[in-house]
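Trainee: Below is the structure I would like to discuss, written out as structure tokens.
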Amino acid sequence: MKVILPVAGKGTRLRPHTHTKAKSLVHVAGKTVLEHIISRLESLEISEYLFIIDENGQQIKEFMARKFPELKCRFFVQKQRLGPAHAVALAAPAIEEDEDLLVVFNDTIFVTDLTRIPELCANADGLIYSKEVEDYQRFGVNVVRDGRIVDMVEKPDTPVSRLAQVGLYYLKDGRGFIEHIEQTIKAGEMVKGEYYLPAVFMRMISAGLNLQAPEIDAWLDCGKPETLLETNRFLLQGRHHVHGEIENSVLIEPVHIEQGAMVKDSILGPNVSVAAGSRIEKSIVSDSIINAENRVINMVLDQSLLGDVVTLVGSPRRMNIGDHSIIEMDQ
């Protein structure tokens, strides 16, 4: 099996955190998004990882060489912003006959047992992993009949289906899948100037292929600051890891403090991750992600996301307040 990882997106919804780094290298719960994804693929026999990168893809190359030097990786540059299907098609030179394929988009950390792929796909040609959602109007959904996908609807007005596509796809015939993408591009089937995978899948369904929509256990969105914090909370559940230096501080589980981080005279937690090199002093921090090499002093932070090398210094207040007082202080 080969894996295609399109990581060329600009991550505009995560700005300013993606102004200087690839969105897949943003941290959550002590690891980068890309690390979380790669760790979920370790149970599979993968011959090669195929990355679709942009002009700033050197960050991804260096990261993979440093963190996963044992993995065989190949990189393809998407020079034109022509959509997800176009990005996947760039890996065509690496896909051989009789080779199966997994496509993983990096906005999402998934929770599912990928070792069940042979079982789930025994009588199918591909799997479009899905998750049932209440706000179906926000997503592309799969319409399923008798176990097979018969239609796909983008942001439906009525609940024709609540099975949202989550950006995780398995194709038994990887070469055939690439050929259907190339046919879609040749036919000019674009939406707002871009090529999308649902048009490819509908072409496959029309050709008689059996695509199914297994549900994943959890769908963790990392595409926006607020959803990144939600994902941080989810991933920290049951994990209380303290590898850094703690001095005269209170930790409210769960927290993740990396080796090389320092917490002094502070209260941290719950749901806080602190990266290496950061120093937090005389502060109260909850429900937040503190990335590398930060300095936080005399601050109260909640639902906050700090990038790398941030200095945030507040000032303590000294008060002498009598009985029956009412004090309201704007932040």
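This table checks each residue for (1) in the same structural domain as K224 (by TED's automatic domain parsing); (2) surrounded by fewer than 22 Cβ atoms within 10 Å (Cβ to Cβ); (3) assigned to a helix (DSSP H, G or I).
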site: E99; (1), (2), (3): yes, yes, no
site: N106; (1), (2), (3): yes, no, no
site: I109; (1), (2), (3): yes, no, no
site: E119; (1), (2), (3): yes, yes, yes
site: I128; (1), (2), (3): yes, no, no
site: V143; (1), (2), (3): yes, yes, no
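Trainee: Something else about it: For the stretch 310-324, indicate whether the set of residues that are acidic (D, E), outside the structural domain of L25 (by TED's automatic domain parsing), assigned to a loop (DSSP other than H, G, I, E, B) and at positive phi is non-empty. Full working, then the answer.
Mentor: Let us first name the residues in the stretch 310-324 that are acidic (D, E), namely 323.
Now restrict to residues that are outside the structural domain of L25 (by TED's automatic domain parsing): 323.
The next check asks that each one be assigned to a loop (DSSP other than H, G, I, E, B); those that pass are 323.
The next check asks that each one be at positive phi; those that pass are none.
The answer is no, given that none of the residues of the stretch 310-324 is acidic (D, E), outside the structural domain of L25 (by TED's automatic domain parsing), assigned to a loop (DSSP other than H, G, I, E, B) and at positive phi.
Trainee: Mind listing whichever residues of the stretch 52-97 are farther than 21 Å from F201 by Cβ and in contact with a His (Cβ under 8 Å, 6 or more places away or on another chain)?
Mentor: Scanning the stretch 52-97 gives a single hit, Q80.
Trainee: Can we say S206 is farther than 27 Å from I46 by Cβ, of a type in the set (S, T, N, Q), in the same structural domain as K23 (by TED's automatic domain parsing) and free of Cβ contacts under 8 Å to residues at least 12 places away in the same chain?
Mentor: Details: farther than 27 Å from I46 by Cβ: yes; of a type in the set (S, T, N, Q): yes; in the same structural domain as K23 (by TED's automatic domain parsing): yes; free of Cβ contacts under 8 Å to residues at least 12 places away in the same chain: yes.
The answer is yes for S206.
Trainee: If you go through the stretch 213-257 one residue at a time, how many are in a strand (DSSP E or B), out of contact with any Ser or Thr (no Cβ under 6 Å at 6 or more places or on another chain) and farther than 24 Å from E132 by Cβ?
Mentor: 9
Trainee: Which pairs have Cβ atoms under 7 Å, sit 6 or more apart or on different chains, and link a residue in the stretch 90-108 that is touching a residue at least 12 places away in the same chain (Cβ under 8 Å) to one that is hydroxyl-bearing (S, T, Y) and not in a helix (DSSP H, G or I)?
Mentor: Filtered contacts from the stretch 90-108: L102/Y170; V103/Y169.
Trainee: Of all residues being of a type in the set (A, V, I, L, M, F, W, C) and under 17 Å from L228 (Cα atoms) in the stretch 269-294, which is farthest from the chain's Cα centre (by Cα)? Just the residue, please.
Mentor: Filtering first and then ranking leaves V285.
The values are calculated or read from the model by the stated rules, or taken from the named source; none is laboratory data. Here the structure is a predicted model, which is why all the values come from computation and not from measurement. Positions of Cβ are backbone-derived with ideal geometry, glycine not excepted, and every protein chain shown enters the neighbour counts.
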